[in-house]
Amino acid sequence: MKQDLAAMKDIKHYINGQYVGSASGKLFENVNPANGKVISKVHEAGREEVDAAVQAAKAALRGPWGKMTLEQRTAILHKVADGINARFDEFLEAECLDTGKPKSLASHIDIPRGAANFKVFADMIKNVPTESFEMPTPDGTGALNYAVRRPKGVIGVISPWNLPLLLMTWKVGPALACGNTVVVKPSEETPTTTALLGEVMKEAGVPDGVYNVVHGFGGDSAGAYLTEHPLVDGFTFTGETGTGEVIMKAAAKGIRDISLELGGKNAGLVFADCDMDKAIEGTMRSAFANCGQVCLGTERVYVERSIFDEFVRRLKEAAEGLKIGPPDDADANMGPLVSLKHREKVLSYYQKAVDDGATVVTGGGVPDMPAELAGGAWVQPTIWTGLADDSAVVTDEIFGPCCHIRPFDTEEEAIELANSLPYGLASAIWSENITRAHRVAGQIEAGIIWVNSWFLRDLRTPFGGSKQSGIGREGGVHSLEFYTEMKNICVKL
Ligand code: NAD
């Protein structure tokens, strides 16, 4: 059953409990972004494989999975989490090869959270009540309404490359906890951990057809074939806003539900009454962690004028203290971007910033790397000041290790600047005046606000974006809302 994942050379689809290649024989290369070398060949799904995966998922709803008790199902999901932890090093190796991110980061965030996503939602579904309403009737006997949850059906999961295992399991965990089956289309950049999870599912006793994986690209490939498949009952997507629009259109055919977690251009607001050490540490992580490839990251920093110069100087020092290096370098805290293609995009904004008259506070280019890493997608952490508010560098999501810092004079101005874009994913407010922090947080148009912190995540809380950063909320009971159909049963007494 096992595919050659130990060597990670040949990544196949996982359909109905088996690893299978593409009938077309089409393969694409999976490249290590730290050195530009090919890690593996990946099978690209055609309509045939996507159809087989969806049909398997549909059939599995009526098989043993659909008949299991909640206790049985959630016990299996605990085993999935344990299975990931038991093979922690393999998952870590695979994730770091695909993304280039430091092992120190992935071992603390990506892999443990990937496992936790199964336990958290398995426990949650067991403990969330449904509603019941008694009502009077004209004949005096009354009626009783009660709601039950049922799985939505086959869920199409389309995930990005920045936190591959974490973001994919963030969807698959609750989807399976709620009794659905899934067909996952991971990012073409990072297919390995999603493929490896098939083995863990099998070992944990997840019935065949419950978890399926098809590999490939977006448009005119596996992603589009999945969204066009009429037997998929709902889609959960994390990725770019533009892709979200395409998926939303595809889901409209057949009136299928969607959950969209999309892009952002998040603002950090730093007030003069902040704790400067905390603000620098948090802004630093929010701009540069994961090489700036975090949807919640801060690419726009607004700083109260009286502390502007000090803040810029200290963030520059912090950025210049980052150690860029490959996953195995224990001292490295910044890896490469995910691909050379993405680096082209990021570098085009680095150039645009210069063209638009920015002051390059630090970075702005490609670092010198040793010969064995020269083919990697390395970029320097970069800070700019002095750009106009309408520069594309300030309005577009760059998704690289960079931020623009601009001064403000009043609280009202800071709020207006934060709210000035069509995105509304996240924001961080730095102030020791708690009344101000509450007041500002209430007025920021974003789904997630941090006060004096960043990326502090409690999985029970609602997660998602407003405006063009998404539709719907996942996390906690909100995931259960999306992954189940609530059915009201009204009994006349
Ligand atoms: P992307 O939109 O390019 O791709 C995401 C996934 O969609 C990939 O699996 C891709 O193959 C697939 N896809 C692309 N076109 C498709 C199509 N036409 N039909 C079906 N599937 C298609 O995004 P990305 O570059 O992988 O990820 C980075 C983006 O994700 C950034 O915009 C980032 O902000 C966003 N993101 C958002 C969140 C959030 O929670 N809001 C979290 C992480 C990343």
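The values are calculated or read from the model by the stated rules, or taken from the named source; none is laboratory data. What you are looking at is a predicted structure, and each value in this text was computed from that prediction instead of being measured. No Cβ is skipped: glycine too gets one built from the backbone with ideal geometry, and neighbour counts run over all protein chains shown.
Here are a few things to note about the model shown:
- Number of the condition not met by residue 40 [criteria: (1) within 20 Å of residue 214 (Cβ to Cβ); (2) part of a helix (DSSP H, G or I)]: (2)
- Every pair of residues 6+ apart whose Cβ atoms lie under 8 Å, when the first sits in the range 472-493 and is more than 16 Å from residue 167 (Cβ to Cβ) and surrounded by fewer than 18 Cβ atoms within 10 Å (Cβ to Cβ) while the second is among the aromatic types (Phe, Trp, Tyr) and at pLDDT 95 or above: 488/146; 489/146; 491/146
- Subset of the range 48-76 [of a type in the set (D, E, K, R) and surrounded by fewer than 14 Cβ atoms within 10 Å (Cβ to Cβ)]: 48, 62, 67, 71
- Residue count for the range 183-202 under the criterion of being closer than 20 Å to residue 219 by Cα and surrounded by fewer than 24 Cβ atoms within 10 Å (Cβ to Cβ): the result is 2.
- Contacts under 8 angstrom Cβ, first residue in the range 233-256 being touching a residue at least 60 places away in the same chain (Cβ under 8 Å) and over 18 Å from residue 172 (Cβ atoms), partner near the ligand (Cβ under 10 Å from one of its atoms) and of a type in the set (S, T, N, Q), 6 or more apart: 241/469
- Residue among 245, 199, 203 that is among the acidic types (Asp, Glu) and farther than 25 Å from residue 62 by Cβ: 245
- Residue 460 vs. criteria more than 16 Å from the ligand (Cβ to nearest atom) and in contact with a helix residue (DSSP H, G or I) (Cβ under 7 Å, 6 or more places away or on another chain): yes
- Any hit, the range 263-282, residues being within 16 Å of the ligand (Cβ to nearest atom), assigned to a helix (DSSP H, G or I) and crowded, with 21+ Cβ neighbours inside 10 Å: no
- Between 128, 157, 120, the distinction of being touching a residue at least 24 places away in the same chain (Cβ under 8 Å) and more than 20 Å from the chain's Cα centre (by Cα) belongs to 128 only.
- Against the numbered list (1) surrounded by fewer than 20 Cβ atoms within 10 Å (Cβ to Cβ); (2) touching a residue at least 40 places away in the same chain (Cβ under 8 Å), residue 219 comes up short only at (2).
- Scanning the range 28-47 for residues that are among the small types (Gly, Ala, Ser) and buried (at least 17 other Cβ atoms within 10 Å of the Cβ) gives 34, 40, 45, 46.
- The residues listed here are 252, 287; of these, the one that is within 16 Å of the ligand (Cβ to nearest atom), modelled with pLDDT of 95 or more, more than 29 Å from residue 378 (Cβ to Cβ) and more than 16 Å from the chain's Cα centre (by Cα) is 252.
- For the range 17-27, a residue qualifies if it is in contact (Cβ under 8 Å) with a residue 60 or more places away in the chain and surrounded by fewer than 18 Cβ atoms within 10 Å (Cβ to Cβ), and exactly one does: 18.
- Extreme residue, farthest from the chain's Cα centre (by Cα), among residues of the range 374-389 that are surrounded by fewer than 19 Cβ atoms within 10 Å (Cβ to Cβ) and farther than 23 Å from residue 310 by Cβ: 388
- Hits in the range 290-315 (condition: more than 16 Å from the ligand (Cβ to nearest atom), part of a helix (DSSP H, G or I) and under 26 Å from residue 109 (Cβ atoms)): 314, 315
- Look at the range 79-92: where a residue is touching a residue at least 60 places away in the same chain (Cβ under 8 Å) and a partner is surrounded by fewer than 19 Cβ atoms within 10 Å (Cβ to Cβ) and of a type in the set (Asp, Glu), sitting 6+ places away or on another chain with Cβ atoms under 6 Å, you get 83/203.
- When the criteria are applied in full, residue 292 meets the requirement of being surrounded by 23 or more Cβ atoms within 10 Å (Cβ to Cβ), touching a residue at least 12 places away in the same chain (Cβ under 8 Å) and on the phi > 0 side of the Ramachandran plot.
- Condition met for residue 114 (modelled with pLDDT of 95 or more and on the phi > 0 side of the Ramachandran plot): no
- Within the range 238-246, one or more residues are assigned to a loop (DSSP other than H, G, I, E, B), within 13 Å of the ligand (Cβ to nearest atom), small (Gly, Ala, Ser) and crowded, with 17+ Cβ neighbours inside 10 Å.
- Restricted to the range 350-373, and to residues there that are without any contact (Cβ under 8 Å) to a residue 12 or more places away in the chain and part of a loop (DSSP other than H, G, I, E, B), the residue that is surrounded by the most Cβ atoms within 10 Å (Cβ to Cβ) is 368.
- Tally, over the range 28-70, of residues that are under 30 Å from residue 148 (Cα atoms), touching a residue at least 40 places away in the same chain (Cβ under 8 Å) and not hydrophobic (A, V, I, L, M, F, W, C): 5
- Flag for residue 437 being farther than 22 Å from residue 121 by Cβ and touching a Leu at 6+ places or on another chain (Cβ under 8 Å): no
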